[in-house]
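Written below as structure tokens is the structure these notes are about.
The values are calculated or read from the model by the stated rules, or taken from the named source; none is laboratory data. Please read these numbers as outputs of a predicted model, since none were measured by experiment. Here the Cβ positions follow ideal geometry from the backbone for every residue, glycine too, while neighbour counts run over all protein chains shown.
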Amino acid sequence: MNGKLKLRVLVAYPVSPYIEERNGGFYVAGTRVSLDSVVISFQQGDSPEQIVQSFSTLELAQIYGAIAYYLENEKTINEYIAEGERELERDIPPLSQQAPELFARLEAARRHMGLKRT
């Protein structure tokens, strides 16, 4: 057996006219706007009216539909978002490894700013 075999857990997500699953992610149906984007804005306290202003391709009813889907499946969607964040952390190396010179300049600037404040 291959030592690199990954176990995948398939989760059946509820069907919604407002949300579609494709390419391993959830999107507002018929758009390229991710459910994550709408949910995170909502979690940060934005109202549906504020969220729709950030996404010109969406209508207010789509925002309400996405939020309703999230609220009906809150635990599952929160886990989905958390897993996406963990994947990003695993896949994207820290700036100190990606661009050490830039990181060093930023750290020096941060220390310099800290000295100015005292």
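Here are some notes:
Results for (1) within 16 Å of residue 78 (Cα to Cα); (2) in contact with a helix residue (DSSP H, G or I) (Cβ under 6 Å, 6 or more places away or on another chain); (3) at pLDDT below 95, shown as yes or no for each residue.
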position: 22; (1), (2), (3): no, no, yes
position: 26; (1), (2), (3): yes, yes, yes
position: 39; (1), (2), (3): yes, yes, no
position: 49; (1), (2), (3): no, no, no
position: 53; (1), (2), (3): no, no, no
position: 62; (1), (2), (3): no, no, no
position: 65; (1), (2), (3): no, no, no
position: 68; (1), (2), (3): yes, no, no
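- Taking the criterion of being within 22 Å of residue 82 (Cβ to Cβ) and assigned to a loop (DSSP other than H, G, I, E, B), the residues of segment 27-57 that qualify are 33, 44, 45, 46.
- Pairs linking a residue in segment 46-74 that is more than 14 Å from residue 27 (Cα to Cα) to a residue that is polar (S, T, N, Q) and surrounded by 12 or more Cβ atoms within 10 Å (Cβ to Cβ), with Cβ atoms under 7 Å and 6 or more positions apart or on different chains, are 51/41; 54/41.
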